[in-house]
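S.K.: I have a structure I would like to understand better, so I am pasting it below and will then ask my questions one at a time.
The values are calculated or read from the model by the stated rules, or taken from the named source; none is laboratory data. Computed from a predicted structure; not experimentally measured. Quick reminder, even Gly has a Cβ in these numbers, built from the backbone with ideal geometry, and neighbours come from all protein chains shown. Accessible surface areas use protein heavy atoms only, side chains included; no ligands, DNA or RNA. Shrake-Rupley method; radii C 1.70, N 1.55, O 1.52, S 1.80 Å.
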Amino acid sequence: MSTPEEIKELQQRLDQLSRELEGYRQQLFTLRQQVNHLNGNATPGQPNAPKQIGTSKRNAGVTSASRQTALENFIGLRVIHVVGIVVLLIGISIGVKYAIDQNLITPLSRIILAYMASAGLFILSVILRKNYEGFSAILFSGAMASAYFTTYGAFVYYDLFPQTFAFVIMAGLAVYTAIKSIQYNRQEIALLGMVGAYAIPLLVSSNHENYVLLFSYVLVMNAGILYVSFRRSWKVMNLLALFITWTIFTGWLLFKYKPAYKFYAIIFTAAYYISFLLSAFAFRIRKHIRLSQRQLLHLLLNNFAFFISLLSIFEASSSNARAAAITGFCAILFFAFALAGNNFFHDEKMLNRMHYVESLILAVLFVAIEWSGLNITLLWTLISVIVFVLGIITKTTWPRLASIVLLALTLLKLMIIDSLSFTAVQKIIAYLTIGTLLLVISFFYQKFRQMLFENAENEKI
């Protein structure tokens, strides 16, 4: 027997297919209209031409009606409930403010009334869930939002709760909201709970000096996000969690970090990086669904944040050995990811290319940090040769193009920067090397152009 969760997943897939079918239907109407119009022009004397034109008009009318229905569906099911919850919360806020200004109620009464409003929305969501699950989810999200900030107000403005108690209440609300989001199968509820959960330590804490506790709490929240990632393919939630976490953490590293925290900073950097790496692949592992563009962006941002975090932890500048070591380490790491991707996720061509390009860029930066002068020019040229040869061996276009781009940058550096400091001998060596290599590449394209351009679609990487 199917479980409720499987039924909801099937329903979600059915809704998605219905939306796609509607799009195909609209395209079909448009194509029919164009075909009928062309048939009418091609055979003006044909007896059934008026009938075709009439059919075209009917199809155009149906297309217009379908678009209007889709627009109404979007407004009625996606927009109105968000606006309604926001307007309701604004109304509650204005009402509470009026009561405060008029001294009609005590602080404790204000908090009790706000909690009663939250409870009322929650009870109504429970009652309506059986017959109106979508509307029930809307009411539930409003109840949780109201409860979050009522607890915050009770602690910050009125000191009605001790810090630990307020923390526990808001954490409990966050966990409960995440669980219900899976039951409702609604990403917006999960987003509400997630934003509230990440805001708890910043809202409740009277000071932010206990960084170990702060980042441990964030790590626990990320573990919850990872769990949800294996259950639902909610890409926006994962991307938002990544952005919030790395913004908080890298902000601390850039402005508040001290060497005494180095051990903890390394642990949290590795833990955050691994958790978000797994969350991006979670649904791919569970359902064998290829990564989307948002998930690729997720991985790209995660790699960048990891690199910046390591530079900040080891206080690396662009001119010291630490920066070179970290850059070289990340270049090797991303190259290893690309090789692993070719073996285990061969169909993820964009992912593997992204890791190859990242490792290439970091290798170029490593050379620029570690060496100087003519050595950089010659090593960049050597890297270009290696990448070009790999492109030939693997019959892949993008490494050859990347090699040519790197050669162009090397030549540009030689003409603009190195010409001011190189000796005559160094200039001769650099120009002869790059010029010879460019001619060799040009000859290669002339000799093997048929093989290269006819087989470009059969790339292996």
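S.K.: Go through the residues of region 351-359 one by one and say whether even a single one is among the charged types (D, E, K, R) and open to solvent by 60 Å² or more (accessible area, probe 1.4 Å). Let's see the steps before the verdict.
M.R.: Filtering region 351-359 for residues among the charged types (D, E, K, R) gives 353, 358.
If we keep only those that are open to solvent by 60 Å² or more (accessible area, probe 1.4 Å) too, we end up with 353.
Yes, the conditions are met somewhere in region 351-359.
S.K.: Right, another one. Limited to region 410-446, what total is found for residues that are free of Cβ contacts under 8 Å to residues at least 40 places away in the same chain, within 17 Å of Ile383 (Cβ to Cβ) and either of a type in the set (A, V, I, L, M, F, W, C) or touching a Cys at 6+ places or on another chain (Cβ under 9 Å) (or both)?
M.R.: Selection size over region 410-446: 5.
S.K.: In region 269-280, how many are in contact (Cβ under 8 Å) with a residue 24 or more places away in the chain and open to solvent by 20 Å² or more (accessible area, probe 1.4 Å)?
M.R.: As a first pass, look at region 269-280 and keep what is in contact (Cβ under 8 Å) with a residue 24 or more places away in the chain: 269, 271-273, 275-280.
Those still in the list that are open to solvent by 20 Å² or more (accessible area, probe 1.4 Å) too: 271, 277-278.
Number of matching residues: 3.
S.K.: Kindly list, by first and then second residue, each pair from a residue in region 372-396 that is on the phi > 0 side of the Ramachandran plot to a residue that is of a type in the set (Asp, Glu) and part of a helix (DSSP H, G or I), limited to pairs with Cβ atoms under 8 Å and residues at least 6 apart or on different chains.
M.R.: These pairs meet every condition: Gly373/Asp418.
S.K.: Pull out all pairs, ordered by first then second residue, where Cβ-Cβ is under 6 Å, the residues are six or more apart or on different chains, the first lies in region 148-167 and is within 19 Å of Ala119 (Cα to Cα), and the second is open to solvent by 60 Å² or more (accessible area, probe 1.4 Å).
M.R.: Thr150/Tyr115; Ala154/Leu160
S.K.: Of the residues that make up region 334-349, is at least one in contact with a Ser or Thr (Cβ under 6 Å, 6 or more places away or on another chain) and part of a helix (DSSP H, G or I)? Outline the logic, then answer.
M.R.: Residues of region 334-349 in contact with a Ser or Thr (Cβ under 6 Å, 6 or more places away or on another chain): 334-335.
Next, from what is left, pick out any that are part of a helix (DSSP H, G or I): 334-335.
Yes.
S.K.: Would you confirm whether any residue within region 244-261 is closer than 21 Å to Ser181 by Cβ and in a helix (DSSP H, G or I)?
M.R.: So far as region 244-261 goes, yes, one or more of its residues are closer than 21 Å to Ser181 by Cβ and in a helix (DSSP H, G or I).
S.K.: Which residues, counting only those in region 152-163, are open to solvent by 50 Å² or more (accessible area, probe 1.4 Å), assigned to a helix (DSSP H, G or I) and at pLDDT 80 or above?
M.R.: Correct list: empty.
S.K.: Also, I was wondering about something else. Filter region 165-202 for residues that are modelled with pLDDT under 80, farther than 19 Å from Ala137 by Cα and surrounded by fewer than 18 Cβ atoms within 10 Å (Cβ to Cβ) and give the result.
M.R.: Those that are modelled with pLDDT under 80, farther than 19 Å from Ala137 by Cα and surrounded by fewer than 18 Cβ atoms within 10 Å (Cβ to Cβ): Ala199, Leu202.
S.K.: What number of residues within region 338-350 satisfy the criterion of being more than 23 Å from Trp380 (Cβ to Cβ), buried (at least 18 other Cβ atoms within 10 Å of the Cβ) and free of Cβ contacts under 8 Å to residues at least 40 places away in the same chain?
M.R.: Total meeting the criteria: 1.
S.K.: Let me ask you something else. Of the conditions (1) touching a residue at least 12 places away in the same chain (Cβ under 8 Å); (2) open to solvent by less than 50 Å² (accessible area, probe 1.4 Å); (3) more than 16 Å from the chain's Cα centre (by Cα), Phe283 clears all except one; give me its number.
M.R.: For Phe283, the failing item is (3).
S.K.: Please state which of the following conditions Ala363 fails to meet, knowing it meets all the rest: (1) of a type in the set (A, V, I, L, M, F, W, C); (2) touching a Gly at 6+ places or on another chain (Cβ under 9 Å); (3) in contact (Cβ under 8 Å) with a residue 40 or more places away in the chain.
M.R.: Exception for Ala363: condition (3).
S.K.: I'm trying to understand the selection: among the residues of region 118-151, which are among the aromatic types (Phe, Trp, Tyr) and open to solvent by 20 Å² or more (accessible area, probe 1.4 Å)?
M.R.: Restricting attention to region 118-151, the residues satisfying the condition of being among the aromatic types (Phe, Trp, Tyr) are 122, 132, 135, 140, 148-149.
Passing the criteria: Phe122, Tyr132, Phe135, Phe149.
S.K.: Scan region 320-347 for residues that are among the charged types (D, E, K, R) and in contact with a helix residue (DSSP H, G or I) (Cβ under 6 Å, 6 or more places away or on another chain) and report the count. Full working, then the answer.
M.R.: We begin by selecting, within region 320-347, every residue among the charged types (D, E, K, R); these are 322, 347.
Checking the rest, the ones that are also in contact with a helix residue (DSSP H, G or I) (Cβ under 6 Å, 6 or more places away or on another chain) come to none.
Number satisfying all stated conditions: 0.
S.K.: Could you grab me the full set of residues in region 418-443 that are surrounded by 13 or more Cβ atoms within 10 Å (Cβ to Cβ) and either out of contact with any helix residue (DSSP H, G or I) (no Cβ under 8 Å at 6 or more places or on another chain) or not in a helix (DSSP H, G or I) (or both)?
M.R.: Hit for region 418-443 is Phe422, nothing else.
S.K.: Can you name the condition, by its number, that Val236 falls short on among (1) under 30 Å from Pro162 (Cα atoms); (2) touching a residue at least 12 places away in the same chain (Cβ under 8 Å)?
M.R.: (1)
S.K.: If a residue must be buried (at least 20 other Cβ atoms within 10 Å of the Cβ), modelled with pLDDT of 95 or more and of a type in the set (Gly, Ala, Ser), how many such residues does region 314-337 contain?
M.R.: 1
S.K.: Now a separate question. Let me spell it out: the conditions are (1) surrounded by fewer than 15 Cβ atoms within 10 Å (Cβ to Cβ); (2) at pLDDT 95 or above, and His288 meets all of them except one. Which number is the exception?
M.R.: Only one criterion in (1) surrounded by fewer than 15 Cβ atoms within 10 Å (Cβ to Cβ); (2) at pLDDT 95 or above is unmet by His288, namely (2).
S.K.: Which number in (1) farther than 21 Å from Leu437 by Cβ; (2) surrounded by fewer than 20 Cβ atoms within 10 Å (Cβ to Cβ); (3) not β-branched (Val, Ile, Thr) marks the one condition that Leu412 misses?
M.R.: (1)
S.K.: Quick check on region 371-409: of everything there that is over 19 Å from Gly328 (Cβ atoms) and not in a helix (DSSP H, G or I), which residue is least open to solvent (accessible area, probe 1.4 Å)?
M.R.: Among those that are over 19 Å from Gly328 (Cβ atoms) and not in a helix (DSSP H, G or I), it is Thr396.
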